[in-house]
Amino acid sequence: MKKARRKIILMEGDDTLVSFGGGILLDEFIHRLGLPELIDRKVKVKARERGYKESEAILGLAASMITGGERLDDLFVLREEEGFGAIWSHGDIPHPTTMGDFLRRFNLGHIRQLESVITESFHRVYRASGKMETITLDIDSTLDEVYGSKKEGARMAYTGFYALNPLLCFVRENGDWLHSRLRPGNVPSSEGAVSFIRESVHRMKDLAERINISMDSGFYDKEIVAECERLGVGFTITADQTGPLVSAIRGIAETEWIRLEENVSISEILYQPHRWPRFYRVLVRRERLPEKEQFLFQDGNYRYHAIITNRPEGAEYLVPFHLKRASMENFIRETKYGLGLDKFPCGQFHANWTYLLIGMIAYNLVNWIKRLALPGIHKRNLLKAIRYRFFNIAARVVHHSRYMILKFARGIHRFADICLAYEKIRAMQFA
């Protein structure tokens, strides 16, 4: 026989509680970075003075994304919580309808203004950290499915569904999201890549002694290679395995292969792709296949991976280095499943591009807080883990005449980490 459960009474109270007590870290970091003033100085999208400032709308949506919102309607969660308004010092959280109207006001010029905010934010953070010796930019594209063809830019992708196709650039060394450009779903990976690479390099050229770029075979193009050379950056690009290149690889003498690990060897050749102006260095990774897989490949014994490069380092270093670009898939997954950027809320192309850029701001704010303020054990945590362990923690807001107290529940083992991170952020100075 089941025991009778105690009855629990649900009721509203007058206490000022906040579900996102750790949001004080986000609020303080935004303040120290000077982001509200930067946005209001650079982004001029409103036609009238009244209503929300640009910084209120942009940072309000970014805060919603960071705390778990995946659509514009989720702004209601922060709007309805009086306690969040008590710790959030960057204006009111916009109504979802107002936010949609705000996004739809953006044209390409306004998008460039918002991009300049992201660039200046990068400069402030990186100048405070000191100039890096080397930065590696990983560039790739991804497909975000949309439902129906009515969204501007929605096109049938090679996968068979309607999609938008963002072009993305991340800093490999720390996972920062440097650049993005929204594109229609049916364009090839390399569409617009020359100007995108130029913009990405210009954003970082004063922040590192040396810049390298890594791309997959979708960017194996002589115009892209020429732009990298013109910019003076090193590149590694996965090469298309055309018939002539495969023949050249098979012509490598056995004595010229260097064993890298069991069943894996590397070598290199000089090769001039068809209609390219000159010869380039091509690094080759050769992997011996298990017997049961050998019938799948024309050269039954081996699988090859070819990389074209202008960098001087040895193949033993460059081949594993290039293959580490697979970590970019984790960065892209973080944007989609950590921030909900696999879906776009508006019918207008520029509105969705703006939504993507605000997602960039949200992503980088969390990444910078994680890297600059959180204890080492948490620096590699995914965004969902940071949200669960640090941001979405209930607290009580207590107001005094001269200050505010944020009371967390006794016994939270992360309380010391939150306090340490808060003090670190308060001590930060960004020029």
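Some points to look at:
- Scanning the range 97-139 for residues that are over 30 Å from residue 221 (Cβ atoms), in contact with a Cys (Cβ under 9 Å, 6 or more places away or on another chain) and not hydrophobic (A, V, I, L, M, F, W, C) returns 100, 104.
- Residues considered: 120, 152, 173. Of these, the only one that is within 14 Å of the chain's Cα centre (by Cα), not in a strand (DSSP E or B) and not polar (S, T, N, Q) is 173.
- Sole residue being outside the structural domain of residue 367 (by TED's automatic domain parsing) and acidic (Asp, Glu), chosen from 82, 56: 56
- The range 203-226 - residue that is surrounded by fewer than 20 Cβ atoms within 10 Å (Cβ to Cβ), without any contact (Cβ under 8 Å) to a residue 40 or more places away in the chain and among the charged types (D, E, K, R) and, of those, farthest from residue 125 (Cα to Cα): 223
- Matching helices (runs of 4 or more DSSP H) fully within the range 15-93 where at least 3 residues are of a type outside the set (D, E, K, R) and in contact with a helix residue (DSSP H, G or I) (Cβ under 6 Å, 6 or more places away or on another chain): 23-33, 35-42, 54-66
- Filtering 112, 155, 105, 181 for residues that are at pLDDT 95 or above, more than 20 Å from residue 362 (Cα to Cα) and of a type in the set (D, E, K, R) leaves a single hit, 105.
- Of all the criteria given as (1) surrounded by 15 or more Cβ atoms within 10 Å (Cβ to Cβ); (2) touching a strand residue (DSSP E or B) at 6+ places or on another chain (Cβ under 6 Å); (3) closer than 19 Å to residue 346 by Cα, the one not satisfied by residue 149 is (1).
- When the test is whether a residue is surrounded by fewer than 19 Cβ atoms within 10 Å (Cβ to Cβ) and closer than 28 Å to residue 176 by Cβ, residue 333 passes it.
- One residue stands out among those in the range 123-149 that are closer than 29 Å to residue 211 by Cα and of a type in the set (Gly, Ala, Ser): the one that is nearest to the chain's Cα centre (by Cα), which is 141.
- Options 247, 200, 195; residue that is of a type outside the set (Lys, Arg) and either assigned to a loop (DSSP other than H, G, I, E, B) or surrounded by 14 or more Cβ atoms within 10 Å (Cβ to Cβ) (or both): 200
- The condition of being farther than 27 Å from residue 358 by Cα and not hydrophobic (A, V, I, L, M, F, W, C) holds for only one of 247, 189, 200, that being 247.
- Within the range 380-420, the set of residues being surrounded by fewer than 15 Cβ atoms within 10 Å (Cβ to Cβ) and charged (D, E, K, R) comprises 380, 384, 402, 407, 410.
- Residue in the range 375-390 that is modelled with pLDDT under 95, among the aromatic types (Phe, Trp, Tyr) and not assigned by TED's automatic domain parsing to the domain that holds residue 278 present: yes
- The residue list 6, 71, 41 contains one member that is closer than 30 Å to residue 407 by Cβ and surrounded by fewer than 16 Cβ atoms within 10 Å (Cβ to Cβ), which is 6.
- Of all residues making up the range 115-131, the number that are within 17 Å of residue 362 (Cβ to Cβ) and of a type outside the set (D, E, K, R): 6
- Residue in the range 395-407 that is at negative phi and within 24 Å of the chain's Cα centre (by Cα) present: no
The values are calculated or read from the model by the stated rules, or taken from the named source; none is laboratory data. Bear in mind that the values here come from a model prediction, so they are computed numbers and not experimental data. For neighbour counting, all protein chains shown are included, and Cβ atoms are generated from backbone atoms with ideal geometry for every residue, glycine included.
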